[in-house]
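Note sheet for the following structure.
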Amino acid sequence: MLDSTRKTNNVVFHTHDGGAGLFREEHPGINIFGRIIIGNNVFIGSNTILLPGVRIGDNVVVAAGSIISKDIPNNTVVAGVPAKKIRSFSEYKEKVLKNAIYVYETRDIKRKEEILKKMNK
């Protein structure tokens, strides 16, 4: 995971398929493992689950509660179970810039006051 990648709370990285254990009597030692590769400039929302072997490209937003079961290409916003493309990264940027509230305060209480003041306008 590169420095510009952000993940929020309760993100799960599953790097194995535990279900393969059901076949160990017939196939002793069987396991399935897969690397999860995260690109640059990625945001992963709360309660997202990433399954083994997926690759997330650059400039990707993963909405909260998504399940990533397939590779996500560059410049994409995905959401859902399983996650699907909902818009391009540039469309998302346009929406963010339209609805943005700029907050410059860094002290917690003052930051909260600034946010509330701007939201009440």
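Reducing region 77-93 and region 48-64 to their Cα centroids gives an inter-centroid distance of 11 Å. Projecting the Cα atoms of PHE23, ILE109, GLY39 onto the charge dipole of the chain, computed from C-beta unit charges around the Cα centre, puts ILE109 farthest toward the positive end.
Neighbour counting of Cβ atoms within 10 Å sorts the residues PHE33, PHE13, fewest neighbours leading, into PHE33, PHE13.
Taking Lys and Arg as +1 and Asp and Glu as -1, the other residues whose beta-carbon sits under 10 Å from that of GLY45 total +2.
Comparing VAL62, VAL81, VAL103 in a Gaussian network model of the chain, where Cα atoms under 10 Å apart are tied by springs, the biggest mean-square fluctuation is seen for VAL103. Each residue of region 65-81 was assigned a 3J(HN,Hα) from its phi angle through the Karplus expression (A = 6.51, B = -1.76, C = 1.60, θ = phi - 60°), giving x, 7, 10, 9, 10, 9, 4, 10, x, 3, 6, 9, 10, 10, 7, x, 10 Hz with x at Gly and Pro. Diffusion coefficient of the chain by Stokes-Einstein, Kirkwood radius over Cα pairs, 20 °C, 1.002 mPa s: 130 µm²/s.
Considering only ASP108, ASP17, ASP58, the mean-square fluctuation computed in a Gaussian network model of the chain, springs between alpha carbons under 10 angstrom, is largest for ASP108. Antiparallel beta bridges, as assigned by DSSP with both residues in the chain, represent about 30 percent of the total such bridges. Here the chain is assigned +1 on the Cβ of each Lys and Arg and -1 on the Cβ of each Asp and Glu. Its dipole about the Cα centre then comes out at about 700 debye. Summary value for region 6-88: 24 percent relative contact order, contacts being C-alpha pairs under 8 angstrom separated by 6+ residues. Using 0.36 nm per residue and subtracting the Cα-Cα separation, the extra length available between ILE32 and ARG55 on full extension is 6.6 nm. Taking the Kirkwood radius as Rh and the Cα radius of gyration as Rg, region 17-65 has a ratio of Rg/Rh equal to 1.17.
Among the listed pairs LYS98/LYS118; LYS7/LYS93; LYS7/LYS84; LYS84/LYS121; LYS7/LYS95, those with a Cα-Cα distance over 24 Å are LYS84/LYS121.
Relative to the longest principal axis of the C-alpha atoms of the chain, give the angle of the C-alpha long axis of helix 89-99, reported between 0 and 90° and rounded to the nearest 10°. Roughly 30 degrees between the two axes.
Every number here is computed from the coordinates shown, using simple stated rules; none is lab data. Keep in mind it's a predicted model, so treat the numbers as computed, not measured. Quick reminder, even Gly has a Cβ in these numbers, built from the backbone with ideal geometry, and neighbours come from all protein chains shown.
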